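The values are calculated or read from the model by the stated rules, or taken from the named source; none is laboratory data. For clarity, every value in this text was computed on a predicted model and none was experimentally measured. Positions of Cβ are backbone-derived with ideal geometry, glycine not excepted, and every protein chain shown enters the neighbour counts. The accessibility values were calculated without ligands, DNA or RNA, using every heavy atom of the protein model including side chains. Shrake-Rupley method; radii C 1.70, N 1.55, O 1.52, S 1.80 Å.
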Amino acid sequence: MSKPFSFRLDPQVPTFDDAAPLAVMDAECAICSWGARMIHRLDRSGTVRICPVQTPLGAALMRHYGLDPSDPASWLFIDAGVAHQDFDAVVHAACSFGGWGRLAAVLLILPKPLRDWLYRRLARNRYAIFGRGDMCALPDPAFQKRLLR
């Protein structure tokens, strides 16, 4: 996508602690809310943070990487300053958690154009298939600590 930590040089991106991985996703999507809960469950280190696209930081990061925050069909996983997008972000995040998450690497046998097509197809229809949810309303205090707002 771009050079590691390139967002640090973008005056539109608010300063934030970028020492730990960050997932930027749609807080109003039920499947994204499920994904956020999976991150919370699988990340035993407790370091991965979650930033809704609907926040100023989330929107700025999306714009920085050429994505439209008003149509958040994409999500980012930023690890060590490197942004991974969409299907590749899902696989990278899952593999970084270790354990069963590493099995997600098997999905990389699919050619990238097919992975991208599958992701776009699911993302475009996410509300119709899965409905809406509000990850920010999840009551778990430990989960709430992961959210960057």
Subject >> Members of the range 3-31 found to be under 19 Å from ASP68 (Cβ atoms), among the hydrophobic types (A, V, I, L, M, F, W, C) and open to solvent by 20 Å² or more (accessible area, probe 1.4 Å), listed by number >> reply: ILE31
Subject >> Residues within the range 67-82 that are surrounded by fewer than 23 Cβ atoms within 10 Å (Cβ to Cβ) and touching a residue at least 60 places away in the same chain (Cβ under 8 Å), tallied >> reply: 3
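Out of the residues in the range 1-54 that are assigned to a helix (DSSP H, G or I) and of a type in the set (S, T, N, Q), which is nearest to the chain's Cα centre (by Cα)? Quick ask: steps written out before the conclusion?
Residues of the range 1-54 assigned to a helix (DSSP H, G or I): 6-9, 30-42.
After this cut, where a residue has to be of a type in the set (S, T, N, Q) as well, the list is 6, 33.
Working: SER6: 17, SER33: 10 Å.
The extreme case among them is SER33.
Conditions tested, residue by residue: (1) within 16 Å of ARG49 (Cβ to Cβ); (2) open to solvent by 40 Å² or more (accessible area, probe 1.4 Å); (3) β-branched (Val, Ile, Thr).
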| residue | (1), (2), (3) |
| --- | --- |
| ALA94 | no, no, no |
| PHE97 | yes, no, no |
| LEU103 | no, yes, no |
| ILE109 | no, yes, yes |
| LYS112 | no, yes, no |
| ARG121 | no, yes, no |
| ILE129 | no, yes, yes |
